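We did not get these values from a lab; they are worked out from the coordinates using the rules stated. Every value quoted in this text rests on a predicted model; they were computed, and no experiment measured them.
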Amino acid sequence: MDYFSEVNYRGKTPAFVFLFLNYISHVFVSNIRCNWSSMPESISTGKNHNDQSNSNIIIKLSDVSKIYLEENKSEHKVLNRVDIEINEGEIIIVLGRSGSGKSTLLNLLSGIDVPSSGHIYINNNDITSMSEKNRTLFRRNNIGFVFQFFNLIPTLTVEENLLLPLELKGKISDKEQRIAMEILHEIGLGDRASSYPDQLSGGEQQRVALARAIIHDPSIILADEPTGNLDFETGLLVINLLDRIIRKKKKTMIMATHSKEVIGMADRILTLKDGKIIELKHEKEKILK
Ligand SMILES: Nc1ncnc2c1ncn2[C@@H]1O[C@H](COP(=O)(O)OP(=O)(O)OP(=O)(O)O)[C@@H](O)[C@H]1O
Ligand SMILES: [Mg+2]
């Protein structure tokens, strides 16, 4: 696929270049500096099948702290010596007031950011001991990210947006192209492949963003307020779709949200308070009553 020529045809090259770089810097913070082709085999999938020690645990945080220095030099401990284990296939909802550290936690899990201390293991790989470049490569193979504001590139079609994570990994095969079309049908947008994001509703755009988060078959989906920019009903439609995709494909998902309506899909609910992660064992029953 040559979307550069398509973009030129639409006469939006400068905007595209800006948005593309913006997207890359947002999703794959340091990718621009990386040489894609030099990815070491040992971290290409992150699925360390030889190590059976924690076979069911896909994510483990061990004594993780994240401390920001305030302007007056005082320390702001957003995460304070946190331990958690998340099992393969679990759907985890993370609640917590604004500023409690939900996005910080997701950024650490994705490797976009690094903790001040402690270790984060994904598929038994210690991502905190990886170089920035290897962490970036690891993220590209293991993690799909869904954002509140969709982050689709306006000058790319729906299909081109969807294929972007694969495009970043190398040449797209015919099989991958076919799978992309199947996914588009699955999310009810099979006839919108050549539409542009501004021709779609918010809910449709978020459906494309969900599809984009899974197209490269990551084992973990991280979602930061994926319904935060949608009305209630559209948000529910998106959540139901996400729930269906995640369970069908047996992915692990961690979703930060303010919306209690999504709690029904959770296997476990966590909340962040004063730098600690607390499991809300009875929240689901309370909310669903
Ligand atoms: N780069 C940074 N430098 C300094 N402080 C930061 C930085 N990033 C986040 N913070 C602070 O860390 C705290 C947690 O921020 P975070 O974005 O993780 O909260 P959140 O729970 O996602 O909030 P919201 O629900 O509003 O999205 C906030 O007090 C924020 O100001
Ligand atoms: Mg946030």
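Using the Karplus relation 6.51 cos²θ - 1.76 cosθ + 1.60 with θ = phi - 60°, the per-residue 3J(HN,Hα) values for the stretch 112-117 come to 5, 10, 10, x, 6, 7 Hz, with x marking Gly and Pro.
Here's how it looks for Val146: its modeled amide H is under 5 Å from those of Leu222, Ala223, Asp224, which are all 5 or more places away or on a different chain. How would the stretch 116-264 be classified by its alpha-carbon gyration tensor: rounded, prolate or oblate, with rounded meaning a/c under 1.5 and the a/b versus b/c comparison settling the rest? Here the stretch 116-264 falls in the oblate category. For the stretch 199-265, the square roots a ≥ b ≥ c of the C-alpha gyration tensor eigenvalues yield an a/c of 1.5 or more together with a/b not exceeding b/c, which makes the shape oblate. Legend: distances between Cα atoms for Lys171/Lys250; Lys102/Lys175; Lys60/Lys169; pairs beyond 29 Å are Lys102/Lys175. When the Cα gyration tensor is reduced to axis lengths a ≥ b ≥ c, the ratio a/c is 1.5 or higher for the stretch 58-103, and with a/b not above b/c it is classed as oblate. Rounded to whole numbers, the Karplus 3J(HN,Hα) couplings from phi for the stretch 186-198 are 4, 8, x, 10, x, 9, 10, 3, 9, 6, 9, x, 6 Hz, using 6.51 cos²θ - 1.76 cosθ + 1.60 with θ = phi - 60°, and x at Gly and Pro.
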